[in-house]
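These notes are about the structure you will find just below.
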Protein chains: 2
Amino acid sequence: MSIEALARLAEERVDHRFKGLPPDADGLTVGELAAQRRNLFTDGFATPVLALSAERLEHNLELMEAYAARHGLVFAPHGKTSMAPQLFQRQIEHGAWGITLAVPHQVRVARAFGIERVFLANELVDAAALRWVSAELAADPSFRFVCYVDSVRGVELMDAALKGAVRPVDVVVELAAGEGARTGARTEAECAAVADAVAAVPTLRLVGVAGYEGEVPRADPERVAAWLGRLVALAVDFDKAGRFAAAGLDEIVVSAGGSAWFDAVADVFAGIPALSLPVLKLLRSGAYVSHDDGHYRKLTPFNRVPEEGALEPAFRLWAQVVSRPSQEQAFVNAGKRDAAYDLDLPFAQVVRRDGAERPATGVTVTALSDQHAWLGTTAEADLEVGDWVGMGLSHPCTSFDKWPLIPVAEADGTVVDYIRTFF
Amino acid sequence: MSIEALARLAEERVDHRFKGLPPDADGLTVGELAAQRRNLFTDGFATPVLALSAERLEHNLELMEAYAARHGLVFAPHGKTSMAPQLFQRQIEHGAWGITLAVPHQVRVARAFGIERVFLANELVDAAALRWVSAELAADPSFRFVCYVDSVRGVELMDAALKGAVRPVDVVVELAAGEGARTGARTEAECAAVADAVAAVPTLRLVGVAGYEGEVPRADPERVAAWLGRLVALAVDFDKAGRFAAAGLDEIVVSAGGSAWFDAVADVFAGIPALSLPVLKLLRSGAYVSHDDGHYRKLTPFNRVPEEGALEPAFRLWAQVVSRPSQEQAFVNAGKRDAAYDLDLPFAQVVRRDGAERPATGVTVTALSDQHAWLGTTAEADLEVGDWVGMGLSHPCTSFDKWPLIPVAEADGTVVDYIRTFF
């Protein structure tokens, strides 16, 4: 990573670009504000404000580092989740091989911060983006870049855009997770045709196979394992067919693994037989870094393997009650602009008043407007205008992307850092 | 507005912060890039990219300027929609009295660009934000600020935060749109109690009444008109009761009007009788600036009064087909990170290949992942990997907020400007 680029983040000015921060911090640098170690609840932060837990973030980083190491997996966590170079750095410090990304813009962010290994878990046929990738590869011999291919037409478009490139672009053939699933060639025969097309052009180099078990239709442990078995068999067949004999290739990439089935990936990848080259078993799970209080709380593989640990939800969104028009309703000043709402509504967890925090008994988020959350309140709810409500969120990807600068707070509220995101 | 602050936007560097822009424009200023008048389709823009239509934007700005003037309404368009100071400027050039906003962070953005009149259509009880507003009022005699109050408790919290303020904060009492509706005091008696509380503190000044007819339960023209009648009657009663006799007050604010019922607001507000002071009839509609291809296309009042004109949808999201795994499916590289999805999915409108554009016959968006749109394709669909798909969006508020810098393109694709947003 580029220490200089990361350091420049601390030199950014706190101003109107960043919501939730103390208005009286305007004009300080982010580094100066962090050095003040302000308290999230008493030192002038404005609502709504999203906070990350310092301790839980560290816990999650350590847990997945240990998990990947224990299972012999190389880890390239999906960076689209946070798009936060400071978190990319911590993920790499915690053993990550590199960062997985979804679209070329995200690769530009990663490269601006000096990420050396990028796995683009997507097809890339955009000529402007390909020319940019090619220039990055030419300019920096240490830049390792791998992306998907799933069609002969895609290979042709890539080759056309990359004509004359100094270094070929490394690609993996994407096997779809089933009929009706997302991207990826649907059959092994189609995968072979794509690999043939890759072999026929000088601008691309086949380095492995990949896919995303999270899209297996009607996913359950058996179906997911069966698809992972197909992916491994594809790698074995390609290897037997001599498809990984390109000059200079020193490992074969086999990659899968979102945030719902990495236990299955670990199990099936443990059985990958010896191939003609060492195998880079690349896991891509990204949601673990913040985890959540909804979707991933339910889906995390740690629910099936509790002896391996447990992720902890690291986000809490704080909003203030601005209206209490009836005994059944209250409104806080955070809405769709502030909270994920695509998988679940936020979960009211705690209420703060006069420095005391207690459970949000009888309080439920029933809807979101653009800038309000609608709260339903039962007779037991003790809630009044001015109270702060702490809410858990569901879906890290649609939480991070609503906050360009996120305070990281310790359990007592001391804000020790600020995480910059780029969406 | 601050011409200097706006000019500084043109001095920002094009870099990894801004998705969709040409990678080879890195390092140019936004102003330099605009001066190149690049073509959206042929000059290196990367997918996905959201574009605003220059002509349609101008058309919408002119149409609402004329509408408000024709109906004797003062216009403070809701700025939360775009959070784009350049559009605020154009709205003000097109006759707007000021800008409506929803939360204090948005007021900070507006003030950073020198907006002189802000209507905060929300309760504000955050002490840190109130102290900041108070300091802005003290520092700038030309800053006009009005916000809602809907509870006695809220008045007490405001007064506590504002103790010692140089200028009082102007407030309007918010009348709720009905039982079970959003914020606002539910009854006229509660509104009077809130007004009494305001009158009892030196830090606040009552300047009018307001509400939001968009939340009238089971809204139809009759129910909306009935509620607007209640709002007007409340202003009349407050005036008769001498509630607008504060020293220095020279007008009474009566405000309503989102983007679905401004025809009803115009009709009912036309009947406001003479009060003891001139009445500022303040309309707040915000979605008109971009309009849309879904929710507001259906809801716009211009459908009821076509003789007054028609708004035009100004957004088009361009994404590229990256995968075509079967005859029934295709995938483009834009998802929840790029498109509004809270009210409707995007609408596939046109397909571009080799410079030719045609209707997206047989192509439907069926779902969004974080970074993909799922397209369903019938036998008539002519779609292949590499094609660009132009999509219409539903809900301006959740479209603008996914794009920090948005190209403004003329009909032939020439990009003439870039709109910066702050979320």
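The values are calculated or read from the model by the stated rules, or taken from the named source; none is laboratory data. What you see is a predicted model, and the numbers here were worked out from it, not measured in a lab. A quick note on method: Cβ atoms are made from the backbone with ideal geometry, for glycine too, and the neighbour counts reach across all protein chains shown.
Criterion applied to A:GLY309, A:GLY258, A:GLY355, A:GLY248 was being out of contact with any Pro (no Cβ under 9 Å at 6 or more places or on another chain), under 30 Å from A:ILE92 (Cα atoms), within 14 Å of another protein chain (Cβ to nearest Cβ) and surrounded by fewer than 24 Cβ atoms within 10 Å (Cβ to Cβ), and the one residue passing it is A:GLY258. The set of residues in the stretch A:143-185 being assigned to a loop (DSSP other than H, G, I, E, B), out of contact with any Asp or Glu (no Cβ under 6 Å at 6 or more places or on another chain) and of a type in the set (D, E, K, R) consists of A:LYS163, A:ARG167, A:GLU179. Of all residues in the stretch A:312-346, those satisfying the criterion of being among the aliphatic types (A, V, I, L, M) and either within 12 Å of chain B (Cβ to nearest Cβ) or out of contact with any Asp or Glu (no Cβ under 7 Å at 6 or more places or on another chain) (or both) are A:ALA314, A:ALA319, A:VAL321, A:VAL322, A:ALA330, A:VAL332, A:ALA334, A:ALA339, A:ALA340, A:LEU343, A:LEU345. For A:GLY164, the conditions (1) more than 9 Å from chain B (Cβ to nearest Cβ); (2) on the phi < 0 side of the Ramachandran plot are fulfilled apart from (2).
So which residues in the stretch A:47-98 are surrounded by 23 or more Cβ atoms within 10 Å (Cβ to Cβ) and without any contact (Cβ under 8 Å) to a residue 60 or more places away in the chain? Scanning the stretch A:47-98 gives A:ALA96, A:GLY98. Inside the stretch A:169-209, residues that are within 24 Å of A:PRO141 (Cα to Cα), buried (at least 22 other Cβ atoms within 10 Å of the Cβ) and touching a Leu at 6+ places or on another chain (Cβ under 8 Å) make up a count of 9. Restricting the stretch A:109-129 to residues that are of a type in the set (D, E, K, R) and within 12 Å of chain B (Cβ to nearest Cβ) leaves a set whose member that is surrounded by the most Cβ atoms within 10 Å (Cβ to Cβ) is A:GLU123.
Every test in (1) closer than 14 Å to A:GLY211 by Cβ; (2) in contact with a strand residue (DSSP E or B) (Cβ under 9 Å, 6 or more places away or on another chain) is passed by A:TRP261 save one, and that test is (2). Would you confirm whether any residue within the stretch A:200-211 is touching a residue at least 60 places away in the same chain (Cβ under 8 Å), under 16 Å from A:VAL146 (Cα atoms) and out of contact with any Lys or Arg (no Cβ under 9 Å at 6 or more places or on another chain)? Yes. Only residues that are among the small types (Gly, Ala, Ser) and part of a helix (DSSP H, G or I) were counted in the stretch B:114-133, giving 3. Every test in (1) touching a Cys at 6+ places or on another chain (Cβ under 9 Å); (2) in contact (Cβ under 8 Å) with a residue 40 or more places away in the chain is passed by A:ASP370 save one, and that test is (2). Can you find a residue in the stretch B:281-292 that is in contact (Cβ under 8 Å) with a residue 24 or more places away in the chain and surrounded by fewer than 20 Cβ atoms within 10 Å (Cβ to Cβ)? No, that holds for no residue.
Among the residues of the stretch B:244-255, is there at least one that is closer than 25 Å to B:LYS298 by Cα and in the same structural domain as B:PRO168 (by TED's automatic domain parsing)? There is at least one residue in the stretch B:244-255 that is closer than 25 Å to B:LYS298 by Cα and in the same structural domain as B:PRO168 (by TED's automatic domain parsing).
With the condition kept exactly as written, say whether any residue in the stretch B:130-151 is at the interface with chain A (Cβ under 9 Å from one of its Cβ atoms), touching a residue at least 60 places away in the same chain (Cβ under 8 Å) and surrounded by fewer than 20 Cβ atoms within 10 Å (Cβ to Cβ). Within the stretch B:130-151, not a single residue is at the interface with chain A (Cβ under 9 Å from one of its Cβ atoms), touching a residue at least 60 places away in the same chain (Cβ under 8 Å) and surrounded by fewer than 20 Cβ atoms within 10 Å (Cβ to Cβ). For the stretch B:407-415, the condition holds for at least one residue, the condition being that it is under 29 Å from B:GLN329 (Cα atoms) and either at pLDDT 95 or above or touching an Asp or Glu at 6+ places or on another chain (Cβ under 9 Å) (or both). Taken together, A:VAL155, A:VAL103 contain a single residue that is within 11 Å of another protein chain (Cβ to nearest Cβ) and over 18 Å from the mean Cα position of the chain (by Cα), which is A:VAL155.
Here the stretch B:403-421 is the region considered, the condition is being of a type outside the set (A, V, I, L, M) and crowded, with 24+ Cβ neighbours inside 10 Å, and the residue that is nearest to the other protein chains (Cβ to nearest Cβ) is B:TRP403.
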